[in-house]
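Participant: The structure that follows is given in the form of structure tokens.
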Ligand SMILES: [Zn+2]
């Protein structure tokens with residue numbers, strides 16, 4: 001068993017688990033319900049964890065997780081005028097200066 005992912009956000013952890021399983025990787029969830037029964041433990045100790053059953057899946061799993069977090073960090077919009085991809089923080093297209101509508 002090898003720890004592949006942990007996050008304080010249980011939704012993210014469940015998402016990672018589901019995506020890995022959909023790629024045929026055997027995983028196990030630890031601490032899934034720890035937050036409701038944590039008592040005096042430090043918060044970090046109770047983060048839900050995704051564990052690989054097969055250490056050999058590590059590289060593949062890591063790549064998949066990287067691509068998930070990449071996607072969720074990059075919420076972009078596409079310009080209606082020139083079809084360029086723009087960062088979420090831009091109100092105007094960086095390329096043609098059309099407004100994000
Ligand atoms: Zn544009």
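The values are calculated or read from the model by the stated rules, or taken from the named source; none is laboratory data. Just so you know, these numbers come straight off a predicted model, no measurement behind them. Backbone-built Cβ (ideal geometry, glycine too); neighbour counts: all protein chains shown.
Participant: In segment 1-42, how many residues are under 11 Å from the mean Cα position of the chain (by Cα) and at pLDDT below 90?
Facilitator: Counting residues in segment 1-42 that are under 11 Å from the mean Cα position of the chain (by Cα) and at pLDDT below 90 gives 5.
Participant: Hand me the list of strands (runs of 3 or more DSSP E) wholly inside segment 43-101 holding 2 or more residues that are farther than 21 Å from residue 2 by Cα and modelled with pLDDT under 90.
Facilitator: Answer list for segment 43-101: 76-78, 85-87.
Participant: Which ones in segment 58-67 are without any contact (Cβ under 8 Å) to a residue 40 or more places away in the chain and under 11 Å from residue 20 (Cβ atoms)?
Facilitator: So in segment 58-67, the residues without any contact (Cβ under 8 Å) to a residue 40 or more places away in the chain come out as 59-60, 63, 66-67.
Those that are without any contact (Cβ under 8 Å) to a residue 40 or more places away in the chain and under 11 Å from residue 20 (Cβ atoms): 60, 63.
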